[in-house]
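Undergrad: Shown below is the structure under consideration.
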Amino acid sequence: MKVAIVGASGAVGQEFLRILAERDFPMDDLVLFGSERSAGRKYTFKGKEYEVKLLQHNDDFKDIDIAFTSAGGSTSEEFAGTITKYGCVMIDNSSAFRMCDDVPLVVPEVNAEDALKRPRGIIANPNCTTIMMVVVLNPIDKLSHIRKIHIASYQSASGAGAAAMAELEQQYRDILETGSTTHVEKFPHQLAYNVIPQIDKMTPNDYTKEEMKMYNETRKIMHSDVRTSATCVRVSSLRSHSESVWFETERPLTVEEIRQALKAAPGVTLEDDPQNYVYPMPLESAGHDDVYVGRVRKDLADDNGNTLWLTGDQIRKGAALNAVQIAEYLIKVGDVK
Ligand SMILES: NC(=O)c1ccc[n+]([C@@H]2O[C@H](COP(=O)([O-])OP(=O)(O)OC[C@H]3O[C@@H](n4cnc5c(N)ncnc54)[C@H](OP(=O)(O)O)[C@@H]3O)[C@@H](O)[C@H]2O)c1
């Protein structure tokens, strides 16, 4: 088994290295790729050094079985043909192919089998905020079909990549040292001491692309007609996204039914004792695999509604971990070359 990471120097790429090592992913060799910015840089994996190769249109992927790609949508679009040409399975973290009919969009806890039908050799990893939400809502949907979801997200700086994390830290340093910052590049406004109610570009219906990903990708992953209305907000936590989720089911569900379903759900940890100040928070979920849920309660404005709070490390379950779990599933069912 030969594995490639495309975008190895990035926030998600670095997490791939940690997760593949932690999970002792069954592989014999590793190849790292990047642009000219990181080509030649060396990273250590399981005690051995690997040098980043320049991603080019050549035969470098001929012997590679699985490529984890996290180098942005335009790189994925440009290089998909090169990567998959000789049968390598491309598990792509960008949004480039997520809504293509001939590319499965997979969260293993929800729709692992979809990964088996991939005419183009590409499997798309969904949007991070969507992954974490469907891991939690899928077991509830099995109790009673979810018709509607309203959500407000609280997304950390790292969702915009490694340079964005550095920008937030620099902004705090600037402000504390000089009283202001001009270091505003990766976000549309200063993020330090602020929240920004826009993630990604606006679309013609006044929702952002991130918010429309939540609408469209949730339906595709869950094979559902559910309608999702989201407001996605950037907050100044460094790592781990949080979400406040209101959902309406076909029949009214009790809080206890929901708690039981969540306790039994793979990839979910229930931390719900608010009387004792126990609920999930991003500082604690950072670096962990599960999506953490708390504040489960009835929706006061909707008899068929309930509401909950969730938080999870979006670089792990929202990106690298989910992709590695897809690969582990393919290996388990013997569906990789
Ligand atoms: N951060 C998250 O929470 C998250 C979650 C889900 C999905 N994603 C998606 O994952 C992808 C990577 O995100 P990130 O947060 O890791 O971004 P990042 O920290 O900015 O890293 C981007 C990576 O892409 C590489 N890259 C850019 N252009 C390239 C090219 N032409 N050829 C080869 N490599 C190239 C960069 O390599 P160089 O340094 O060599 O340029 C770098 O390794 C994006 O598509 C993002 O939407 C991110």
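Undergrad: List every residue pair whose Cβ atoms sit under 6 Å apart, with the two residues 6 or more apart in sequence or on different chains, where the first one lies in the range 62-82 and is assigned to a strand (DSSP E or B) and the second, anywhere, is charged (D, E, K, R) and within 10 Å of the ligand (Cβ to nearest atom).
TA: Qualifying pairs under 6 Å: Thr69/Asp92.
Undergrad: Further question: Would you mind telling me which numbered condition in (1) touching a Pro at 6+ places or on another chain (Cβ under 9 Å); (2) surrounded by 15 or more Cβ atoms within 10 Å (Cβ to Cβ); (3) farther than 17 Å from Val107 by Cβ Thr307 fails?
TA: (1)
Undergrad: Criterion first (over 19 Å from the mean Cα position of the chain (by Cα), free of Cβ contacts under 8 Å to residues at least 40 places away in the same chain and in a loop (DSSP other than H, G, I, E, B)) does Gln190 satisfy it?
TA: Yes; evaluated as a whole, the condition is true for this residue.
Undergrad: Check the range 177-187 and report whether any residue there is touching a Lys or Arg at 6+ places or on another chain (Cβ under 9 Å), within 9 Å of the ligand (Cβ to nearest atom) and part of a loop (DSSP other than H, G, I, E, B).
TA: no
Undergrad: Now a separate question. For Ser95, are the conditions met, namely being surrounded by fewer than 20 Cβ atoms within 10 Å (Cβ to Cβ), hydroxyl-bearing (Ser, Thr, Tyr), within 26 Å of His223 (Cα to Cα) and out of contact with any Asp or Glu (no Cβ under 6 Å at 6 or more places or on another chain)?
TA: Criteria met by Ser95.
Undergrad: Let me ask you something else. Please verify whether Ile83 is β-branched (Val, Ile, Thr), more than 13 Å from the ligand (Cβ to nearest atom), farther than 30 Å from Ile140 by Cβ and over 20 Å from the mean Cα position of the chain (by Cα), treating the condition exactly as stated.
TA: no
Undergrad: Out of all the residues in the range 111-129, is one or more surrounded by 18 or more Cβ atoms within 10 Å (Cβ to Cβ), more than 23 Å from Ala80 (Cα to Cα) and in contact with a Ser or Thr (Cβ under 9 Å, 6 or more places away or on another chain)?
TA: Yes, some residue in the range 111-129 is surrounded by 18 or more Cβ atoms within 10 Å (Cβ to Cβ), more than 23 Å from Ala80 (Cα to Cα) and in contact with a Ser or Thr (Cβ under 9 Å, 6 or more places away or on another chain).
Undergrad: Report yes if some residue within the range 125-133 is of a type in the set (A, V, I, L, M), in contact with a strand residue (DSSP E or B) (Cβ under 6 Å, 6 or more places away or on another chain) and assigned to a strand (DSSP E or B); otherwise report no.
TA: There is no residue in the range 125-133 that is of a type in the set (A, V, I, L, M), in contact with a strand residue (DSSP E or B) (Cβ under 6 Å, 6 or more places away or on another chain) and assigned to a strand (DSSP E or B).
Undergrad: Quick check on the range 260-304: of everything there that is at positive phi and assigned to a loop (DSSP other than H, G, I, E, B), which residue is surrounded by the most Cβ atoms within 10 Å (Cβ to Cβ)?
TA: Result: Gly267.
Undergrad: Of all residues being within 25 Å of the chain's Cα centre (by Cα) and not in a strand (DSSP E or B) in the range 33-60, which is farthest from the ligand (Cβ to nearest atom)? Just the residue, please.
TA: Per the stated criteria, the residue is Lys46.
Undergrad: What about Ala327, is it modelled with pLDDT of 95 or more and under 27 Å from Asp24 (Cβ atoms)?
TA: Yes; evaluated as a whole, the condition is true for this residue.
Undergrad: Arg98 - would you say it is within 27 Å of Met214 (Cα to Cα) and within 13 Å of the ligand (Cβ to nearest atom)?
TA: yes
Undergrad: Can Thr228 be described as among the hydroxyl-bearing types (Ser, Thr, Tyr) and assigned to a helix (DSSP H, G or I)?
TA: Taking the combined requirement at face value, the residue does not satisfy it.
Undergrad: Please specify each residue of the range 142-169 satisfying the condition of being over 30 Å from Ala265 (Cα atoms) and surrounded by fewer than 16 Cβ atoms within 10 Å (Cβ to Cβ).
TA: Residues satisfying the conditions are Ala163, Ala166, Glu169.
Undergrad: Would it be correct to say that Glu328 is in a helix (DSSP H, G or I) and touching a residue at least 60 places away in the same chain (Cβ under 8 Å)?
TA: Criteria met by Glu328.
Undergrad: Which one of these is in a helix (DSSP H, G or I) and touching a Pro at 6+ places or on another chain (Cβ under 6 Å): Glu109, Glu169?
TA: Only one candidate passes the filter, namely Glu109.
Undergrad: Oh, and also: Cβ-Cβ below 9 Å, separation at least six or inter-chain, first residue in the range 7-27 and closer than 17 Å to Gly47 by Cα and free of Cβ contacts under 8 Å to residues at least 24 places away in the same chain, second more than 13 Å from the ligand (Cβ to nearest atom) and part of a loop (DSSP other than H, G, I, E, B): which pairs?
TA: Asp24/Lys46
Undergrad: Please determine whether any residue of the range 5-28 is touching a helix residue (DSSP H, G or I) at 6+ places or on another chain (Cβ under 7 Å), modelled with pLDDT of 95 or more, within 15 Å of the ligand (Cβ to nearest atom) and on the phi > 0 side of the Ramachandran plot.
TA: Yes, the range 5-28 contains a residue that is touching a helix residue (DSSP H, G or I) at 6+ places or on another chain (Cβ under 7 Å), modelled with pLDDT of 95 or more, within 15 Å of the ligand (Cβ to nearest atom) and on the phi > 0 side of the Ramachandran plot.
The values are calculated or read from the model by the stated rules, or taken from the named source; none is laboratory data. Model, not experiment: these values are computed from the prediction. All Cβ positions, even for glycine, are placed from backbone atoms using ideal geometry, and neighbour counts span all protein chains on display.
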